[in-house]
Structures are given as structure tokens and as C-alpha cells.
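One structure is given here, and the rest of the page talks about it.
The values are calculated or read from the model by the stated rules, or taken from the named source; none is laboratory data. Remember, it's a predicted structure, so these values are computed and weren't measured experimentally. Counting neighbours? That spans all protein chains shown, and the Cβs are built from the backbone with ideal geometry, glycine included. Calculation scope for accessible area: heavy atoms of the full protein, side chains included, ligands and nucleic acids excluded. Shrake-Rupley method; radii C 1.70, N 1.55, O 1.52, S 1.80 Å.
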Amino acid sequence: MGSRKKDRCKKSKHKKHKRSGDAGEAWEATKDRVRAHFLDGNTGPWAKSLAAQDAQSPRSAQNENGADPAEDAAASAQGGTATIAATRRGPDYSVPSSIDIVADPVLHALSIRRSISKVDPETPNDSDLLEIIRSISSVADHKALRPWRFLIIRGDDRHRLGDALDDAAGVVRKPGETNTKPLRAELLLALVSSPVEHDKVPEWEQHATAAGAGHLLELALWQAGWGVMWRSGNLTNTEPVRRLHRLDDHELLMGWFYIGAVPERYRQRLTTSTRPLPKPEQFLDTL
Ligand SMILES: Cc1cc2nc3c(=O)[nH]c(=O)nc-3n(C[C@H](O)[C@H](O)[C@H](O)COP(=O)(O)O)c2cc1C
């Protein structure tokens with residue numbers, strides 16, 4: 001281990017000793033989870049500046065003004081961008097990216113994620129779900145209002161959902177018949193967006209956080225090896241369906257995540273098929 005890494009380890013141990021009570025327990029519970037890829041200096045601007053530090057002595061890493069060369073470079077890049085922005089429109093792709101979305105496990109998972117429309121019966125257990133939720137609770141959330149929750153729907157509760165959907169659509173079935181749509185998976189998670197009154201955080205931001213939790217859930221399940229598909233529709237926020245989910249007036253049902261095992265035929269196909277990603281340029285522009 002290089003001296004830089006040792007220093008960082010020392011720092012994190014020091015922090016651990018300073019924590020006590022609930023904060024200390026939370027730290028103990030999460031300390032092994034906080035090693036983000038870039039913290040090891042593998043990627044990102046931090047990696048570049050650490051590599052530069054390794055290559056130079058601590059003294060020579062500072063220029064005559066005492067400024068960090070990495071900061072200098074960033075400042076001059078910003079100036080350059082400002083000059084370019086004044087003369088041309090659109091993003092500047094002339095400097096190639098050093099980001100590798102195949103090598104980086106998180107970026108790779110993001111780029112290959114797919115919805116699985118037909119899942120097999122095996123499902124994550126509720127403890128698995130709790131871990132998945134723990135992992136996605138880092139979702140960006142203005143003022144940490146936590147305006148979202150999931151409801152677990154298994155077994156006969158899926159029939160109750162089918163009945164509520166029928167009720168909302170005015171469908172009357174023959175005795176013994178049932179709405180089979182909620183039966184497409186053994187496990188559904190309903191996502192509820194639950195905004196609170198806040199003078200600095202408008203309601204739409206809180207719905208955005210809830211939607212973010214939904215997208216993170218899909219990604220986390222994918223990464224954990226489970227299949228999932230987010231479904232909703234025109235009936236989602238009708239009165240019978242809202243009543244079944246015990247929603248308050250200000251809450252929104254954001255749909256259901258149909259969850260199960262990835263069928264073998266999908267698994268086979270996923271190893272060979274490559275779905276081309278949309279051209280990223282269409283999602284990026286300047287003012
Ligand atoms: C809020 C939301 C609701 C959705 N509802 C449905 C739905 O009811 N039926 C459906 O076929 N796809 C629905 N989708 C789209 C699928 O979840 C999925 O994203 C789409 O089939 C594309 O597949 P992919 O995720 O592999 O790109 C919904 C997506 C979102 C974000």
C-alpha cells in the first residue's frame with residue numbers, strides 16, 4: 001500500500017474513534033460500504049490529481065505561488081471553455097473522455113441495465129429488499145425529506161390489486177375470474193411519492209426524488225441479479241387503487257415494480273445480444 005493510501009486509512013480510523021452513540025453504530029454498519037470506486041483513486045479527477053501527487057514530491061506538487069497544479073489546470077480549462085462558449089454553440093467534445101464505462105462496474109451496470117418483462121417466480125426475500133432499499137436510500141433528496149416509500153405486494157394482495165384495478169375500470173368479471181395483470185410477478189413493489197410541505201422544496205422536487213428512488217431500485221435489483229419492470233398506467237391514481245394503497249390526498253402512486261428471477265432464456269440472450277444505446281449527444285446541450 002502506497003503512503004498516500006496509508007494516510008487515508010489512518011484518517012478514516014481516526015474518524016471512527018471520534019464517533020459515538022447512534023452515529024457510531026451507523027458508522028460501524030456502513031464503514032465497509034463507503035469505499036466508492038473513486039475513493040481508491042481508480043477514476044475521476046481525484047484519481048488524476050492523486051497520480052500527479054504520486055509522481056512528484058510534496059514540495060514540487062506546488063508551483064511557485066503555492067497553487068496546486070491540478071487546480072491550475074482546472075482553472076485554465078474553465079477559462080478555455082468560457083472562451084469557446086463565447087464563439088461557438090454546443091458542447092465541446094474535442095478533449096477525449098478518460099471515463100471507461102466498460103471497466104467501471106457501476107457505470108457498466110448503468111449502461112447495460114434492461115427491464116425484464118416476464119420474470120420467473122423466485123423473488124428476493126424481505127431482508128434482501130431491505131438491503132436493496134438501504135443501498136438506494138442515497139438517492140438525491142433536497143433537505144433529506146425522504147418523500148418516498150415502497151409497499152410490498154405478494155400473494156393474495158395481488159388479487160386485491162387486480163380487484164381495485166377492475167373497480168377503477170368498471171370491469172365486472174364472472175365468479176372465479178380474476179384480473180391477471182398483477183399476477184405477472186410473484187412480487188410487486190408499489191412506489192409512493194409522499195411530498196411534505198416545505199418552504200424551500202417544492203412538491204415537484206420531491207416527486208423527482210421518489211422517481212429517482214424508483215430508477216435506483218431498478219438498477220440495484222439488476223446489479224443484485226434480479227429481473228424487474230416498472231409498470232403503471234391510467235388507472236394508477238384512480239380512487240379504488242389509491243384507497244387500496246392507503247394514500248393520503250397529497251401522495252402519488254408512481255406505479256409498481258414487477259420483480260422476480262431472470263428467466264434462463266433471457267439470461268442466455270443477455271450474454272450475447274447487445275442493445276445499442278441511444279446516441280448520447282441528443283441528451284446534452286449548452287444554453
Ligand atoms: C413510470 C414508468 C411507468 C412505466 N409503465 C409501463 C407500463 O405500464 N407498461 C410498459 O410496458 N412499460 C412501462 N414502462 C416502461 C418499462 O418499465 C421499460 O422501461 C420499457 O419497457 C423499456 O425497457 P428498458 O427499461 O429495458 O429500456 C414504464 C416506465 C416508467 C419509468
In the stretch 90-142, the residues that are within 16 Å of the ligand (Cβ to nearest atom) and open to solvent by 80 Å² or more (accessible area, probe 1.4 Å):
110, 118
Taking the stretch 148-182, which residues are surrounded by 11 or more Cβ atoms within 10 Å (Cβ to Cβ) and hydrophobic (A, V, I, L, M, F, W, C)?
148, 150, 151, 152, 153, 161, 164, 165, 168, 169, 171
Does the stretch 199-209 contain at least one residue that is in contact with a strand residue (DSSP E or B) (Cβ under 6 Å, 6 or more places away or on another chain), in the same structural domain as residue 182 (by TED's automatic domain parsing) and of a type outside the set (Val, Ile, Thr)?
yes
Go over the candidates 265, 243, 275 one by one and state the one that is surrounded by 12 or more Cβ atoms within 10 Å (Cβ to Cβ) and out of contact with any Ser or Thr (no Cβ under 6 Å at 6 or more places or on another chain).
243
Note on residue 244: of the conditions (1) within 20 Å of residue 149 (Cα to Cα); (2) in contact (Cβ under 8 Å) with a residue 60 or more places away in the chain; (3) aliphatic (A, V, I, L, M); (4) within 16 Å of the ligand (Cβ to nearest atom), unmet is (4)
Here the qualifying pairs (Cβ atoms under 8 Å; residues six or more apart or on different chains; first in the stretch 202-219 and among the charged types (D, E, K, R); second open to solvent by less than 30 Å² (accessible area, probe 1.4 Å)) come out as 203/195; 218/228; 218/257
Please specify each residue of the stretch 209-229 satisfying the condition of being within 19 Å of residue 118 (Cα to Cα), open to solvent by 20 Å² or more (accessible area, probe 1.4 Å) and within 11 Å of the ligand (Cβ to nearest atom).
215, 219, 222, 229
Any residue in the stretch 262-287 that's more than 30 Å from residue 89 (Cβ to Cβ): show its pairings with residues that are open to solvent by 90 Å² or more (accessible area, probe 1.4 Å) and within 15 Å of the ligand (Cβ to nearest atom) at Cβ separation under 7 Å, as long as the two are six or more apart or on different chains.
263/118
Does residue 185 fit the bill of being more than 14 Å from the ligand (Cβ to nearest atom) and in the same structural domain as residue 267 (by TED's automatic domain parsing)?
no
